[in-house]
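The values are calculated or read from the model by the stated rules, or taken from the named source; none is laboratory data. What you see is a predicted model; the values in this text were computed from it and never measured. Because the Cβ atoms are built from the backbone with ideal geometry, glycine has one as well, and the counts that use them run over all protein chains shown.
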Amino acid sequence: MAKFLNKEEFYKDNQKYSLLPFKFSDFDKDTKILSNMIGEFQLLPNSTFEDFVNNNLTNDNSLYSDLRDKHFFTDTNTSVALDLLPIKIRTKYQMLSNFTALHIFVVSLRCEHSCPYCQVSRQSQDKNTFDMDEDKAEKALNLVFQSPSENIKIEFQGGEPLLNFEIVKFIVLKAIEIKPNEKNLSFVIATNLALINNEILEFCSKYNILISTSLDGPKDIHNKNRPRKGNNSYEKTIEGINLSRAYLGFDSVSALMTTTYDSLPRVEEIIDEYIKNKFSGIFLRPLSPHGFAIKTKSYSKYRFNEWLDFYKKGLDYIINLNKNGIEFFEHFSQVILKKMLTSDSDGYVDLMNPSGLGIAVAVYNYDGKIYASDEGRMLAETGDDYFCLGSVEDEYSDIFTSEKLLNVLDTTFTKSAPLCADCVYEEYCGADPVFHYATQKDIVGHKPTSEFCNRNIEVFKYLIKLMNESKYVENLFRSWVR
Amino acid sequence: MVIDLSVYSKEVVVSVLHRLSYIFTGKLVSKDKQIAEIEFVKIENGYDKENLEELIVKELNDQILRERISQETESVRNLILAHAFSRTNFIKDNG
Ligand code: SF4
């Protein structure tokens, strides 16, 4: 008679585990992907998945402890998940209690560039019609400081905000004057830098104002994207970056690129341009579908597949740069990886859920109207005021707790939206009502045919695939979110 | 395509029709209490009825499993969420 039970008998007793909430989907034809409430994910071969959900996975399977450590089940050995999950969920949603932190002031619609994809700018000298005045700026500031957020960031946008630098100065000084003690205040100017000069930079330096500029890639791409008199936008930008860094410090200047049809085949050169100018990363942004971009057909010229190739090629290139000792990161991936690999998120509005409209960002337009997001005000410039929340004349509570805003946030919440509610990638995704309204005339959106949805799924899967295939990439990605 | 509603609830079938609506538009027609039929209104290029039926069966089974997991973990999910938000100021105590 055998003295010991055979292995199968042993695990039979040991196999009791209780599933914790999770979602799943096909990852490829042989593999399932699982994710849970805190965004932990796990790939499982189809047969292992079958065993797992039918309570037949045994602890001699190497994936058993992975699933347990990532809180996909509890067993007799550990029930720590029941303590840890609530803490991690709370951390994840903590930013909601902060409410609106980013306040965008559109101080002028005027611009000396005439970029074909730009949704809002005006080639006009008419200051009275297209510039924000002191009265509206002051009323807007009074609303800003009613936000419960401890940290207030004021971002100046346009058009070109430096065309109305007088009002920028007024707002900065007034904000400092009326700021409640307990609030932290910071400023950013989003500018093409063509008009930057010593006087402006002295002011910026005195009040710690950061610069965010646009750099679309090598000279020919940048100048084609950003026509201006003299055809020297690129030269002006590079000069401006160097001058700003000299005044404000190296890290006080950041750059954003706009992807256009001309960028698509040239992602490596665009990344090289960023490295040449000593930026530590790049944001491989999709072209927004809003406003003039739709009108001018720039958006329909390239569908998401072409952008996806651009993004994947760029990311592969960046990984190789890192392998060769050049530290560099990609920002869109970083935002998503933060959600995948930590309990934190960085409040990127397009990937927020509930949507960040009004509760993460508010836009005070030059004419006194208030919009729930920058894309919302861009849409307004094409004649659709759907995302207008009111005006600087209104009461704070009427604007930020309006039925209209709450309704948008509620109905688009992905935890209850069709398809999203069951989606394995939901923890990494966002609601983006403005995108869906602009492309499908429906704030919730029909996700099975939504480009936003398809694009995001492809990006999520690509990041997971890369991490799954290479420990080096996983470690690199982890370093981007630390 | 005939569906046995005692195996797949109407909710499960509707969610699968929605999930797959990027490749076909299907109408759910009730035949009697137990039986319904999916009528294919429009099918996108590259698909035919046969491979769609296979796909639908797979999705129906996945959706049933999703519902099973969701039911099996409902009480623990509620417990976790209650703990998660019990010490925040997200929810006002009206008591
Ligand atoms: S939009 Fe798509 S990817 Fe995002 S949560 Fe919804 S179904 Fe998932």
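Going by what's in this entry, would A:Lys465 be described as surrounded by fewer than 20 Cβ atoms within 10 Å (Cβ to Cβ), more than 16 Å from the ligand (Cβ to nearest atom), charged (D, E, K, R) and at pLDDT 90 or above? In short, no. Counting only residues that are away from chain A (no Cβ under 11 Å), in a helix (DSSP H, G or I) and surrounded by fewer than 18 Cβ atoms within 10 Å (Cβ to Cβ), segment B:1-26 holds 2 of them.
When the residues of segment A:335-348 are filtered to those that are modelled with pLDDT under 85 and away from the ligand (no atom under 15 Å from the Cβ), the one that is farthest from the other protein chains (Cβ to nearest Cβ) is A:Asp346. Do the conditions hold for A:Ala421, that is, is it outside any helix (DSSP H, G or I), in contact with a Ser or Thr (Cβ under 8 Å, 6 or more places away or on another chain) and either within 16 Å of the ligand (Cβ to nearest atom) or not assigned by TED's automatic domain parsing to the domain that holds A:Val363 (or both)? No: the conditions fail for A:Ala421. Here is a check on your reading of the model: is A:Leu409 within 16 Å of the ligand (Cβ to nearest atom), within 14 Å of chain B (Cβ to nearest Cβ) and within 24 Å of A:Val106 (Cα to Cα)? Yes; evaluated as a whole, the condition is true for this residue. Within 27 Å of the chain's Cα centre (by Cα), among the aliphatic types (A, V, I, L, M) and more than 19 Å from A:Ala246 (Cβ to Cβ), is that true of A:Val188? When the stated conditions are applied, A:Val188 does not pass them. When we screen A:Tyr396, A:Tyr428, A:Tyr386 for residues that are crowded, with 17+ Cβ neighbours inside 10 Å, over 23 Å from A:Ile33 (Cα atoms) and hydroxyl-bearing (Ser, Thr, Tyr), the only hit is A:Tyr386.
A count restricted to segment A:430-443 and to residues that are more than 10 Å from the ligand (Cβ to nearest atom) and not aromatic (Phe, Trp, Tyr) stands at 8. Of the residues making up segment A:97-112, one or more are of a type in the set (A, V, I, L, M), closer than 28 Å to A:Gly39 by Cα and in a loop (DSSP other than H, G, I, E, B). Please find, within segment A:19-36, the residue that is surrounded by the fewest Cβ atoms within 10 Å (Cβ to Cβ) out of those that are in a loop (DSSP other than H, G, I, E, B) and more than 7 Å from every other protein chain (Cβ to nearest Cβ). Per the criteria, the residue is A:Lys29. Taking helices (runs of 4 or more DSSP H) as the structural unit, those lying wholly within segment A:191-266 and holding at least 2 residues that are in contact with a strand residue (DSSP E or B) (Cβ under 9 Å, 6 or more places away or on another chain) and modelled with pLDDT of 95 or more correspond to A:198-206, A:233-248.
Residues in segment B:11-60 that are out of contact with any helix residue (DSSP H, G or I) (no Cβ under 9 Å at 6 or more places or on another chain) and farther than 30 Å from A:Glu451 by Cβ: B:Val29, B:Lys31, B:Asp32, B:Lys33, B:Gln34, B:Ile35, B:Glu37.
Inspect segment A:466-474 for any residue being closer than 17 Å to A:His331 by Cβ, charged (D, E, K, R) and more than 17 Å from the chain's Cα centre (by Cα) and give the result as yes or no. No, there is no match, as no residue in segment A:466-474 is closer than 17 Å to A:His331 by Cβ, charged (D, E, K, R) and more than 17 Å from the chain's Cα centre (by Cα).
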